[in-house]
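The values are calculated or read from the model by the stated rules, or taken from the named source; none is laboratory data. Predicted model, so just to flag it, every value in this text is computed and none were measured. Glycine also receives a Cβ, built like all others from the backbone with ideal geometry; neighbour counts cover every protein chain displayed. Side chains are part of the model used for accessible areas, which takes the heavy atoms of the whole protein and leaves out ligands, DNA and RNA. Shrake-Rupley method; radii C 1.70, N 1.55, O 1.52, S 1.80 Å.
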Amino acid sequence: FLYTKMGEQWVSIKIDKHNPETETFSEDAFALSMSADRKTLLVVQQSGGEFGFALVPAKATMPKKPEGTQVRLADWRLTVDPREEWSQMFLDAWRLHRDFAYDPALRGIDWEAVRDQHLPLVSRIGHRSELGTIMGLMASRLGILHSQVRGGDLPEDAENSDMAFLGARYSPVAGGLRIDSIYRAEADLVDLRPPLRRPDVDAREGDVITHIDGRAVTSLADLRLALASKAGQQVRLDLTRAGERRSAIVTPMDARGRAMAEYYDFTEGRKAATAELSGGQIGYLKLRAMGANDIASFARDFFAQLDKDAMVIDVRNNSGGNIDSILISQLLRRPWAFWGAPDGTGTKTTNMQNAYRGHIAVLIDERTYSDGETFAGGVKSLGLGPLVGTRTAGAGIWLSDRNRVIDNGGVRIAEYAQYDINGSWIVEGYGVGPDYAVENEPYATYQGRDAQLEAAIGLLTQRIEEEPVPELTPRPLSPLGTPAADVTKLD
């Protein structure tokens, strides 16, 4: 029998070219897996969030009474020799590269010699992280930039205190720590605000933190120790404001929250700088990566700025994903008509709806990676706007993430080379080059300058002057009895 899923049901198809009978095998199975001898099926069932497992004969239908077929995984006790398992994982990673890498010739490398060179090292290691290092060294022989080591089943230190943060910058002063600045965030997304900017927390820039949960704070080290292991827990801040004592209850965030808060603060700063430098003519949109959350971020910022004459799209430090075609398809939309009142007042709606009529420039740098590069490459190839900055990372071979080893770690295998429409191999090892090369010098960046953003704004300002976005102005209606004009072809 052949088993396949149709809708929510698993069906069996009898392998018979004359009479391939189809029957419902199971209506509630979550997944099936067949044994090597094709005589037994492992059936995975889900009930109330719990998974159950049964071993049944590989027949047309599942037994009506599953008693005696259930597998009690809770009773299993496995003894694992780490060295044997590490050896197995190394060899599996080696085989997966041999079988799935984008170049069947493996770049002319003697892959068996690579295995023989690195395998003896596996018997000498004492930690799972060292296996990752060896697998990375093995994979690096192929020279693939779009590949990363996955950690797998790494030991965790449950005893060390995790750091917690309030989302601000401080300076030591007499009596405590002065809050110099609080990280900015989108005003209408309250859940993304850092702790000190939450609406129920009365803390301001210039306040001095004197105590946390009654513990005196006089230095940054005191602050870190007082907040250790308190991410997600309420703590009391004692503050002074212009000599007046006050207190606030705040919930610190963890290290990931701090990283995101710093990202939002950076983004809000660039939005403000773009508005100031362009007199409000140019919009700014930042894409941290190319995933589901980034589509939401794009939608919030892009559609809110459709009335701008130009827009900067910033994919610097973009870590990739897989939404480039969605974004580019939006940028490719061209208006060919519009609806509006005959006197030109009120809102005018273009067809195509939400098509952007202004100019764009895209910021890139050496940390623009993976799908961030593909987006930049598409913008460049399709002539949607200039790229400003520095050449991207050069990770141009696409991959899935299916090639894991037994502990869910491994080395990702780049599987699909990318070619331009004429068949030339592109991006990998070189990147996507800018139309206007601009470096952000370290000292100027430290002082808050952003030469790449300034260059993009200058370029777009010039484009607006040379090619202003025309107003949507309806011409007078024809008299009664005179038909409207035919549709004309755009240039």
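Find out how many positive minus negative residues lie around residue 391, taking Lys and Arg as positive, Asp and Glu as negative, among other residues whose Cβ is under 15 Å from that of residue 391.
Values: positive: 316, 367, 380; negative: 365, 366, 373, 428, 435, 439.
Combined, the nearby Lys, Arg, Asp and Glu give -3.
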Ranked by how many other beta carbons lie within 10 Å on average, peptides 131-141, 347-357, 149-159 from highest = 131-141, 347-357, 149-159
To the nearest 10 Å², what's residue 339's accessible area with a 1.4 Å probe?
-> 140 Å²
How many Å² of accessible area per residue for the chain, probe 1.4 Å?
-> 58 Å²
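Within segment 131-232, what whole-number % of the accessible surface is contributed by carbon and sulfur, with the 1.4 Å probe and all protein chains included in the calculation?
Carbon and sulfur: 48 percent of the exposed surface of segment 131-232.
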Have a look at the chain and give its Rg and Dmax from the Cα atoms, expressed in angstrom.
-> 29.8, 92
Between segment 344-420 and segment 2-32, how many Å separate their Cα centres?
-> 40 Å
Selected from 93, 33, 152, residue furthest toward positive end of dipole (segment 1-152; charges at beta carbon) = 93
At a probe radius of 1.4 Å, what is the per-residue accessible area of residue 425, in Å² to the nearest 10?
-> 120 Å²
Rg and Dmax [Cα atoms of segment 1-56; Å; Rg one decimal, Dmax integer] | 12.2, 42
Cα Rg, Dmax, segment 99-151, angstrom units = 11.8, 33
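Could you check how much of the accessible area of segment 282-408 is carbon and sulfur, as a whole percent, using a 1.4 Å probe? Intermediate values should be presented prior to the final figure.
Numbers: 2600 of 5230 Å².
Ligands and nucleic acids excluded, carbon and sulfur reach 50 percent.
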